[in-house]
């Protein structure tokens, strides 16, 4: 190996310096990365931002996401002014969910009659179209009337519900 004692000492010093520098770099990198992670969490979980996100989700009728965001607000900032306002928004969400559930139940009860009325109207329209068609097309349309009504109902159901909710 190295025969010169001074050269051995210098090699050992250089190797030690490289190892110590590497360790210092790793430690500093970890400390800086952890600090940045904490700052990002603070920014992401800022009270005003959480409240605004919850309100936006509520307006978009994404009630589950709004509740989850508000719960995060309550945990991260329990004593903030935003938490007080967030609790009011949470109560509004609960009311909206309850009203939506009642509306869904009413819709389910009414949908049979609504679909029946819609089917009668649609059948009349299809029969009028049949009058304009000739021969084979007319027979196919008459035979496939139920399938056509079912397909058209699936397309129109959301529009019918929106009108019904008004």
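Brief remarks on what is shown
- Each of 160, 124, 11 was scored by other Cβ atoms within 10 Å of its Cβ. Listed from fewest to most, they are 124, 11, 160.
- Residues 24, 122 arranged by fewest to most Cβ contacts within 10 Å: 24, 122
- Principal-axis tilt of helix 63-76 within the chain, Cα atoms, nearest 10 degrees: 30 degrees
- Residue among 144, 62, 79 with the largest mean-square fluctuation in a Gaussian network model of the chain, springs linking Cα atoms under 10 Å: 144
- Sorted by Cβ density within 10 Å, fewest first, the residues 74, 58, 25: 25, 74, 58
- Folded to 0 to 90 degrees: helix 145-165 orientation relative to the chain principal axis, Cα: 70 degrees
Just so you know, all these numbers are worked out from the coordinates, no wet-lab data involved. Please read all numbers here as calculations on a predicted model, not as lab measurements. Here Cβ is always computed from backbone atoms with ideal geometry, including for glycine, and neighbour counts include all displayed protein chains.
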